[in-house]
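Below is one structure, written out as structure tokens, with a few remarks after it.
The values are calculated or read from the model by the stated rules, or taken from the named source; none is laboratory data. These numbers were taken from a predicted model, which means no experiment stands behind them. With ideal geometry, Cβ positions are generated from the backbone for all residues, glycine too; neighbour counts draw on all protein chains shown. Keep in mind that these areas ignore ligands, DNA and RNA; they rest on the heavy atoms of the full protein, side chains included. Shrake-Rupley method; radii C 1.70, N 1.55, O 1.52, S 1.80 Å.
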Amino acid sequence: MRKKLVAGNWKMNQNSAEISLFASDILSRLQDSTPNADILICPPFVYIEQLKSLFAHSNIQLGAQNVNNNKNGAFTGEISAAMLSDMEIKWCIVGHSERRKYNHESNTELTQKIEQLFSMQINPVFCCGEMLPERNAGNHFEVVKKQIEGVLWNLPEDVMNTITIAYEPVWAIGTGVTASNNQAQEMHAFIRMLVSGKFGDTLAQNIRILYGGSVTADNASELFLMPDIDGGLVGGASLKAESFFQIINSCK
Ligand code: PEP
């Protein structure tokens, strides 16, 4: 039985004062509830330290939004897996569509990032998902298959065991347009089938596949009821404690 995971991707949002308010709000809401999900927040790097102390006695885990694909060296402005590990980070988003778009991340780089993370016992949340013209042309399964094959098929099974996949149709990210429950479910089932074909059924049944793309407190319950949806990667709705808490509470 896969435990659900609700992960917040704060992107380049929040400041120190907002983070303090968010933390006290979410912690007081979580105090009286027993969430049926693992909880993860991926803030901008510079706020990891602040959140680490605010969440020290809670079950909220922290993740990074990115990592460099090299071990160390002359890469100005970059952050290594060893540095994340030094900050006790246990999760990291890899291949978010915004980074694929603005930073032109290649399959080779994404594979290297995952290898760097694995060397530091950090769990990658690997993002994939088609763009609107690709879906409209009926190519969405093919596109997602290529993204997965191009990166995850390079990995040995012990690395693959640490992966969480996030299916994030690009047309649903930050748009307020969510994939329907059935659209999301059929892609998640397809991804699980691909993983089963390559790594076997046990790994495929254990791997968590999150849905991301305009998840809100209103649509989370129904999405999370679908058999192959194991939680969500949440952008906008993770910025406010109230909506993030409701999404966490949608996990049955
Ligand atoms: C995301 O950033 O991964 C995301 C899914 O954003 P939003 O929930 O705002 O669509």
Q) Looking only at segment 162-202, which residues are closer than 26 Å to K11 by Cα and either in a helix (DSSP H, G or I) or more than 16 Å from the ligand (Cβ to nearest atom) (or both)? A) T162, I163, V170, W171, A172, N181, Q183, A184, Q185, M187, H188, I191
(Q) Only one of I248, I207 is closer than 25 Å to D25 by Cβ and aliphatic (A, V, I, L, M). Can you tell me which? (A) I248
**Q.** Cβ pairs under 7 Å, 6+ apart, first in segment 187-215 and on the phi > 0 side of the Ramachandran plot, second part of a helix (DSSP H, G or I) and within 16 Å of the ligand (Cβ to nearest atom)
**A.** G213/A172; S214/A172
**Q.** Count of residues meeting criterion [over 17 Å from N161 (Cβ atoms) and of a type outside the set (D, E)] in segment 196-226
**A.** 14
Q) Could you count how many residues in segment 161-171 are hydrophobic (A, V, I, L, M, F, W, C) and more than 15 Å from the chain's Cα centre (by Cα)? A) 1
(Q) Within segment 13-44, take every residue that is closer than 25 Å to I229 by Cβ and of a type in the set (V, I, T) and give me the one that is surrounded by the most Cβ atoms within 10 Å (Cβ to Cβ). (A) I41
Q: Just give me the residues in segment 129-161 being small (G, A, S) and either surrounded by 16 or more Cβ atoms within 10 Å (Cβ to Cβ) or not in a loop (DSSP other than H, G, I, E, B) (or both), in sequence order.
A: G129, G150
Q: Would you check which residues across segment 203-249 are among the small types (G, A, S) and within 14 Å of the ligand (Cβ to nearest atom) and list them?
A: G212, G213, S214, A217, A220, G231, G232, G235, G236, A237, S238, S243
Q) Do we have D32 as of a type in the set (D, E) and over 27 Å from I173 (Cα atoms) here? A) yes
Q: Working only within segment 1-51, note down all residues that are β-branched (V, I, T), within 26 Å of E222 (Cα to Cα) and not in a loop (DSSP other than H, G, I, E, B).
A: V6, I26, I39, I41
Q. Quick check: anything in segment 113-125 within 27 Å of L51 (Cα to Cα), surrounded by fewer than 22 Cβ atoms within 10 Å (Cβ to Cβ) and among the basic types (K, R)?
A. no
Q) Between residues in segment 1-20 that are within 16 Å of the ligand (Cβ to nearest atom) and residues that are open to solvent by 70 Å² or more (accessible area, probe 1.4 Å) and among the β-branched types (V, I, T), which pairs lie under 8 Å by C-beta distance while being six or more apart or on different chains? A) none
Q | Scope segment 84-102; condition among the basic types (K, R) and either out of contact with any strand residue (DSSP E or B) (no Cβ under 9 Å at 6 or more places or on another chain) or exposed (fewer than 14 other Cβ atoms within 10 Å of the Cβ) (or both); matching residues | A | K101
Q) Is there any pair with a first residue in segment 97-124 that is under 19 Å from V144 (Cα atoms) and a second that is among the charged types (D, E, K, R) and not in a helix (DSSP H, G or I) whose Cβ atoms are under 6 Å apart and which are 6 or more apart or on different chains, and what are they? A) R99/E105
Q | Filter result for the condition that a residue is of a type outside the set (S, T, N, Q), over 29 Å from N206 (Cβ atoms) and at pLDDT below 95, over D32, D25 | A | D32
Q: Would you check if there is a residue in segment 71-83 being under 29 Å from G129 (Cβ atoms), surrounded by 16 or more Cβ atoms within 10 Å (Cβ to Cβ) and either charged (D, E, K, R) or touching a Leu at 6+ places or on another chain (Cβ under 7 Å) (or both)?
A: yes
